[in-house]
Structures are given as C-alpha cells and as structure tokens.
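Here the structure is laid out as structure tokens; the discussion comes afterwards.
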Amino acid sequence: MNREPVSRELFDEVMVPNYAPGSVIPVKGEGSHVWDQGGKEYIDLAGGIAVTCLGHNHPGLVGALMEQAEKIWHLSNVMTNEPALRLAKTLCDLTFAERVFFANSGGEANEAAFKLARRYAWEHFGAEKNEIISFKSSFHGRTLFTVSVGGQPKYLEGFEPAPGGIHHADFNDLESVRKLISKDKTCAVVVEPIQGEGGVMPGDPEFLKGLRQLCDENDALLVFDEVQSGVGRTGHLYAYQMYGVTPDILSTAKGLGGGFPVAAMLTTEKVAKSLGIGTHGSTYGGNALACAVAQRVIDTVSQPDILKGVGARSERLRKGMMDIGERYGIFSEVRGSGLLLGCVLTEEWKGKAKEFLNAGLNEGVMVLIAGPNVVRLAPSLIIPEPDIDEALARFEAGVKTVCGK
Ligand SMILES: *Cc1c(COP(=O)(O)O)cnc(C)c1O
C-alpha cells in the first residue's frame, strides 16, 4: 500500500492540469469545519461547491453509509435494489415527479434529460422537432452535449464539432425566447431557475412562468436544471416549488448525496415513457450505497425545521456580507436565494473575486467564486449561527488585507 506523504506539488506531477487547486490539502471535516494537513482549521462556506448540504461527517449520513456498506454495494441495473427503489419513491412523493432515472453526476442527469427531451419529441412529433433552447451564461455540465447546451462558449472551445440544434436566448428575457421557439422545431427549453456558475443570478418569477407558458403553447418540454439550486438550497426542497412553476423534467445532483456522488433525473410518467427499454443507461446509476446515502440526505433536508432554518441563516449571512460590502465598498449587491448567495463586486473591484477567495483562505474561511466578479457562498444548510459569525469575521479580516485598510 502506498502511504508515502503527499503534498500539493504532487498534483502537478501526476494530474491532468485541468484544475488549479488551492495550496492546502484538507484532510478532515466536521460540521462546517475543515482541517488541512498542517492542522489549520477553516470554516466552510463553499460546501464542496454546494454539495455538502449537511456539512462534513454528518452522523446520520455516516450511519447510512456504514449500514449499507455492510449489506450490498452494487448490482448494476441488471438487478434493481432496495435503496434505489426507496429513494425513487421518496423523490416521487416529495416532488412533481412520477418517474426517476438515477445517474452519478449533474452532467449525466442533464445528458439524460436532454436525450429524453429529444426522444420524446421524436416519438410524438417527428424528427424535425429536435431543437433545444437554453440560455447564455448557463452551466449544465462538461459532457459534450451539456457544454453545448451550456451558455459559456469558452467551455466548448477546441472540442467542436458540437451537437447541433441548440440555441441560446438571454436569461430573464422572455422576448428572446419567443424569437427562437417554434412548434415545428423546439423540443425543449432548458433553464437553471437560479443560474449558479453564471454568477448566482435568480430567474424572475414572471420569466419562469412565461417559459412554462411558451413551452405549453409550442409542445416543448420545460427542463429545470436544479443541480445547484435543489435539495434545500433555497429553503425549499427544489427551487421550482418556491417559484410555483413545475417543469416536465428536473435534474438534481450536487447536494443530493451530501458528498457522495449521485444524481437523478425526475420526470412525469407520460414523458418517461419515451425512454423505453434499452434506450439509455448507466452502470453505476442507482448504486445501492449512493442511494442509501441520498435517502438520508433527502429524509433530513426535507424536514420542515431544516428548510425553515435555511431562511434564518440566509438572512444572517446576507446581512453580514452586505455590511462588509458597505464598510469596504466592495459589493454592489448580494443576490441569490437561501444559502446560495452571490456577492457582486463593485466596478472598482471587478475581476478580483479570486483575490478575496484566497484572502479568506489565509484567514481560515473557504468561499467560492462564480466567475471573476462574484464571491459565491454555499455553506451547509445546518451551519450553526456562531460559525456564520466567525466565518464573517474571518472573511472581513481577509477583505482588510486585500483592500489595505
Ligand atoms: C455543477 C452543475 C452541473 C454539473 O454537475 P457535475 O456533477 O459537475 O456534472 C450541472 N448543472 C448545474 C446547474 C451545476 O451547477
């Protein structure tokens, strides 16, 4: 067994250079706290990019994992398994869904969603109805289909030819969708109700309602990518429930496993029929270990007191960041919903989000960015209030060093 000590330098020797990880290597987590190799402690407002929704080392999740680990891990889809069936039933009970497809990542859940949308239109209306409308600045994953549907051209650079039939409208601009949509050609409109990677940009309620109506008028399916906004992030189990706009297909991942890789595509019985036997699949999808953990996540997060607690924590964190923004003149706005917040840098500090992230790290607080102009926060949904206060104090100390005040 290789138990040589490892350091950040090794990354550059053995890893494909597509990431630029920070200089420290965390080795242990507990709740909203993380410790690195040197024993330095951090408060985690990043949550592994909106993933560890119940913090690190949550006793319930550890228990669910251990319990299932001693029973059975994996079967493939040649057999079904109890945890997958239970989780699918729970997701159907708690959402609009009547059918569930399991995958392992957000990108894969979206890949399934987009393939299903095409297949559904092909079956019901013919091969011509294959166009997908999505939005500029959106993010849907890194497979070739999902980066093509995503609205950030830089992620597609050098990987063309891309799948065709994809059009990008302007987010929160219904008129731009109206210009692209048609009954003959459009099979689906794909949207993040709150754009995450694109800068934590909430959809306007009227915009999302308008999309629903346009889809209905044009026999197109409405697909909500809730990979980031789902699993309690907004204080609702899924953001569509907050908006009161129900999609035909919804993708969920990130928080779903609380740190264990698992994803799902939710849909109605009618739409699901278009993925008949043999049309799509995944070896690991519905893995028993993953589903057992996700079950505990959903059972926990869907409790009313947990969802309600998100609102109070959100207000505390939002107010704290706004106060810091005012004292140092760094934020023009703190936007987002629940515990998915984006602090937008003022003109003066534009492009410097990474500097604030690094300064925070130095002071013992982990934050995220969403592009060069937004500091993004996605902490555990159950982060204790004293941890929020301490994290804000540490972040302010970091801001001080960046601003030289
Ligand atoms: C993170 C993310 C994805 C991709 O998820 P992966 O698990 O990295 O494949 C897709 N859509 C949205 C909205 C995301 O935030």
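Descriptive notes on the structure:
- Counting DSSP beta bridges with both ends in the chain, the antiparallel % (nearest 5): 65
- Accessible area (Å², per residue) of the chain, counting only protein heavy atoms and a probe of 1.4 Å: 45
- Carbon/sulfur fraction of accessible area - the chain, other protein chains in place, 1.4 Å, %: 54
- Most simply put, region 72-301 has about 40% antiparallel DSSP beta bridges, counting only bridges with both residues inside it.
- Extension gain for the segment Ala162 to Met322, taken as residue separation times 0.36 nm less the Cα-Cα distance, is 53.5 nm to one decimal.
- Partner aspartates and glutamates for Lys136 [C-alpha distance under 19 Å; skip if fewer than 8 residues away on the same chain]: Glu111, Glu157, Glu160, Asp170, Asp173, Glu175, Glu192, Glu197, Asp204, Glu206, Asp225, Glu226
- On Cα atoms only, tilt of 304-328 relative to the major axis of the chain in degrees: 50
- Three principal axis lengths of the chain [C-alpha, angstrom, descending]: 63, 53, 46
- The angle between the Cα long axis of helix 353-363 and the main principal axis of the chain comes to about 50°, on a 0 to 90 degree scale.
- Accessible-area order (highest first, 1.4 angstrom probe) of the listed residues Val62, Val301: Val62, Val301
- Highest-fluctuation residue, Leu266, Leu156, Leu208 considered, GNM on the chain with Cα pairs under 10 Å: Leu156
- Angle in degrees between helix 288-301 and the longest Cα principal axis of the chain, rounded to the nearest 10: 70
- Residues Lys71 and Asp93, FRET efficiency given R0 of 35 Å [Cβ-Cβ distance, rounded to 0.05]: 0.90
- Ranked packing of 112-122, 69-79, 351-361, 5-15, most packed first, by mean Cβ within 10 Å: 112-122, 351-361, 69-79, 5-15
- Out-of-range pairs (alpha-carbon distance over 32 Å; input Lys183/Lys350; Lys308/Lys350; Lys115/Lys254): Lys183/Lys350; Lys308/Lys350
- Here the Karplus relation 6.51 cos²θ - 1.76 cosθ + 1.60, evaluated at θ = phi - 60°, turns the backbone of region 79-90 into coupling constants of 10, 8, 9, 4, x, 5, 5, 5, 5, 4, 4, 4 Hz, with x for every Gly and Pro.
- Size of electric dipole in the chain: Cβ of Lys, Arg +1 and of Asp, Glu -1, about Cα centre, debye, nearest 20: 240
- Region 72-301: proportion of alpha-carbon pairs further apart than 29 angstrom, %: 21
- On the beta carbon distance between Asp170 and Lys273, with R0 = 41 Å, the FRET formula returns roughly 0.80.
- The chain: relative contact order as a whole-number percent, Cα under 8 Å and 6+ apart: 21
- Label point at Glu217 placed 7 Å out along Cα→Cβ; residues across region 174-196 whose backbone nitrogen lies under 20 Å: 174-191
- Label-to-label distance, Glu13 versus Ser182, with points set 7 angstrom from Cα along the beta-carbon direction: 5.9 nm.
The values are calculated or read from the model by the stated rules, or taken from the named source; none is laboratory data. All values reported here derive from a predicted model rather than from experimental measurement. No Cβ is skipped: glycine too gets one built from the backbone with ideal geometry, and neighbour counts run over all protein chains shown. Please note that ligands, DNA and RNA were not included when accessible areas were found on the heavy atoms of the full protein model with its side chains. Shrake-Rupley method; radii C 1.70, N 1.55, O 1.52, S 1.80 Å.
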